[in-house]
Amino acid sequence: MIRHWFLPALLTCTLIPAAFADETISWPLPPAPQGVNTAITAAPRLDWLQRVQQNFDRAKKVTAPIELIFDGDSITDGWQGGGREIWAQHYAPLNAFDFGISGDRTEHILWRLDHGQVEGMHPKMIAIMIGTNNGSNTAEQVAEGIKAVVAGYQQRCPEAVILLQGVFPRGEKATEPVRAKIQKINELIAPLGDGKKVIYVDFGAKFLEPDGTMSKEIMPDFLHPSPKGYQIWADAIQPVIEKIFPSAPKPQQPVAKASTN
C-alpha cells in the first residue's frame, strides 16, 4: 500500500486561511544551512503537495502491476501533455506510470520516495531524467542529487533496471552557459551506468541541429519537447525498453505516399 497519510496533515499545517481575506498563505520552507547540498536533501514543495497526493492516489488505483515508471520534472510530466499520443502507443501497453511533476528538482523526488511513492511496487524498469531545475546548484551538486535519486530507487525497487537519461540540452544556442553545465552534469553521472542494473543513455544531440542550435520545431521554448521531440525521445530509448520488454510496441513508421507516376 502506498504510504501517503503524511500529505493531508502537511497540507493542513502549511496552508492557513488569511484573516479577513479570501486567500491562503503558503508558508515557505526555511533555507538550507550554509554548505548543505540541497540537491541531496529531501524536501517538499508546498505548492505541489496536492499534485503528489493525486499521483499517489492514481497509482494506488491502478489494477495491473506497474511495471515501467517514468520520473522527473515537467519534461517527463509532458508525456501526459504533448507526448500523450506517443505514451499511449509506446508505454501504456507496458503498464507504465508517470510520476513526473513540473518544476521538480532532485530533492523533490527524494522526498516523494521517502513518503511512499513506490511502496509495494515491483517495476521492471524505472526511467529517470531529472536535474534541469536545480539551477542554484553546481554541476557537481546536481550530479550528487541524481546519484541519490538512483540510489533511492535502487533501495526501494532492487529488482528494477534503472534507465538513467542524461539531462536534456536547453537554450537556443550551443554557446549558452547552461549547455556547458548540463554537459558537465552528464559527464559526472555517466559512470553510474554499469550496463546491467543501471543503463545510462545520453541522446541530447538528437534534439539539436548540426551546429548545436535548437529548433523551435523540436523544443518550442528551448526546453520542453514538442510532439516531434517526444517521438525523438521514444525512438532513442526504444532499444533499451525492448531489452526489458521484448514485446514493446515498435515506433510507428511514416506511411509512404503512393506514387503518382
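Arrange the following residues from fewest to most other Cβ atoms within 10 Å of their Cβ: Thr76, Thr38, Thr63.
The fewest-first ordering by Cβ neighbours comes to Thr63, Thr38, Thr76.
Classify the stretch 121-261 as rounded, prolate or oblate, taking a ≥ b ≥ c as the square roots of the eigenvalues of its Cα gyration tensor: rounded when a/c is under 1.5, otherwise prolate if a/b is larger than b/c and oblate if not.
oblate
Quick check on the exposure proxy: order Lys228, Lys173 from fewest to most C-beta atoms within 10 angstrom.
Fewest-to-most Cβ neighbours within 10 Å comes out as Lys173, Lys228.
What is the fewest-to-most order of Ser247, Ser136 by other Cβ atoms lying within 10 Å of their Cβ?
Numbers: Ser247 7, Ser136 10.
Listing Ser247, Ser136 from fewest to most nearby Cβ atoms yields Ser247, Ser136.
For labels at Lys196 and Glu140 in the simple 7 Å Cα→Cβ model, what's the distance in nm?
About 3.1 nm separates the two model spin labels.
Under Stokes-Einstein, with the Kirkwood radius over Cα pairs standing in for Rh, what whole-number D in µm²/s applies to the stretch 6-244 at 25 °C and 0.890 mPa s?
This corresponds to a translational diffusion coefficient of 132 µm²/s.
Readers should treat all values here as calculations from the given coordinates under stated rules, not as data from a laboratory. Worth saying up front: this structure is predicted, and the values here are computed from it rather than measured. Glycine gets a Cβ as well: all are built from the backbone with ideal geometry, and neighbour counts include every protein chain shown.
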